[in-house]
Amino acid sequence: MQYLWLLLSAVLVGIDRLTKWLVVSNMQLSDTIHLIKVGDKEVLNLYYTLNNGAAFSKLSGKTIFLIVITSIVIIWLLYLMIAKKVHRPVYLASISLILGGGIGNLLDRIFNEGLVVDFIDFRIINFPIFNFADICAVCGAGLLLVSVIVDEVREHKRKKSAVTDETEENGDSPKDNE
């Protein structure tokens with residue numbers, strides 16, 4: 001089953017590479033293509049730019065650091081999947097998304113002199129320009145965060161229920177143990 005999730009990661013990397021290739025092949029740096037306008041307000045554009053940072057332009061100029069950290073995280077996540085340390089589908093989906101995004105941007109950094117191709121310009125809010133790999137990584141991290149929180153809440157409720165059941169079996173009221 002893990003190999004299907006790894007295949008998903010590979011497909012996501014392929015989509016990322018394809019979208020970046022289409023932008024680089026068909027646009028000049030700083031070109032804009034308006035996709036969605038509401039009245040005179042631009043909502044969504046393709047805007048070809050290069051980014052030497054991470055996490056929406058943070059850590060600009062730290063290329064070696066970003067390559068090393070990203071590589072370590074990718075290797076660790078690959079190990080978790082290949083060694084079958086992760087079993088729950090929601091966690092596997094999260095890791096697949098993170099891998100797809102991380103590998104996509106890592107390839108840019110390695111083969112594009114530390115620069116990542118960004119092109120999605122969402123203007124409803126003042127938001128940095130991003131790419132498909134960023135979407136994958138952020139959605140994967142968000143899904144993982146929510147899943148871990150839900151699991152922790154469930155585990156807390158389970159333990160609390162077990163304590164309540166135990167005290168009732170002993171004839172104590174739950175308030176007696178406080």
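The values are calculated or read from the model by the stated rules, or taken from the named source; none is laboratory data. Keep in mind that this is a model prediction, so the values were computed, not measured. Every residue, glycine among them, receives a Cβ derived from its backbone with ideal geometry; neighbour counts consider all protein chains shown. Accessible surface areas use protein heavy atoms only, side chains included; no ligands, DNA or RNA. Shrake-Rupley method; radii C 1.70, N 1.55, O 1.52, S 1.80 Å.
Go through the stretch 116-139 residue by residue and tally those that are open to solvent by 60 Å² or more (accessible area, probe 1.4 Å), under 16 Å from the mean Cα position of the chain (by Cα) and either closer than 15 Å to T32 by Cβ or of a type in the set (K, R) (or both).
Here the count works out to 0.
Take the stretch 105-138 and flag every residue that is in contact with a Ser or Thr (Cβ under 6 Å, 6 or more places away or on another chain), part of a loop (DSSP other than H, G, I, E, B) and more than 20 Å from L44 (Cβ to Cβ).
Once the filter is applied, which keeps residues that are in contact with a Ser or Thr (Cβ under 6 Å, 6 or more places away or on another chain), part of a loop (DSSP other than H, G, I, E, B) and more than 20 Å from L44 (Cβ to Cβ), the stretch 105-138 yields only G114.
Kindly indicate whether L35 is touching a strand residue (DSSP E or B) at 6+ places or on another chain (Cβ under 7 Å), of a type in the set (A, V, I, L, M, F, W, C), more than 17 Å from F127 (Cα to Cα) and not in a helix (DSSP H, G or I).
No, not satisfied.
Kindly indicate whether any position in the stretch 63-76 is closer than 28 Å to T32 by Cβ, at pLDDT 95 or above and assigned to a helix (DSSP H, G or I).
No, there is no match, as no residue in the stretch 63-76 is closer than 28 Å to T32 by Cβ, at pLDDT 95 or above and assigned to a helix (DSSP H, G or I).
Here are some conditions: (1) charged (D, E, K, R); (2) at pLDDT 95 or above; (3) on the phi > 0 side of the Ramachandran plot. D31 meets all but one. Which one does it not meet?
(3) is the only condition that D31 fails.
I95 - would you say it is open to solvent by 40 Å² or more (accessible area, probe 1.4 Å) and in contact with a helix residue (DSSP H, G or I) (Cβ under 9 Å, 6 or more places away or on another chain)? Don't jump to the end; show me each part of the working.
On the way: open to solvent by 40 Å² or more (accessible area, probe 1.4 Å): no; in contact with a helix residue (DSSP H, G or I) (Cβ under 9 Å, 6 or more places away or on another chain): yes.
In short, no.
So the check is Cβ under 6 Å with 6+ separation or different chains; which pairs have a first residue in the stretch 136-164 that's over 30 Å from I120 (Cα atoms) and a second one that's part of a helix (DSSP H, G or I)?
Taking only residues 6 or more apart or on different chains, the pairs are T164/P174.
Just give me the residues in the stretch 70-110 being touching a strand residue (DSSP E or B) at 6+ places or on another chain (Cβ under 9 Å) and polar (S, T, N, Q), in sequence order.
Listed by number, the residues that qualify are T70, N105.
Of the conditions (1) touching an Asp or Glu at 6+ places or on another chain (Cβ under 6 Å); (2) surrounded by fewer than 16 Cβ atoms within 10 Å (Cβ to Cβ), Y79 satisfies every one except a single condition; which number is it?
(1)
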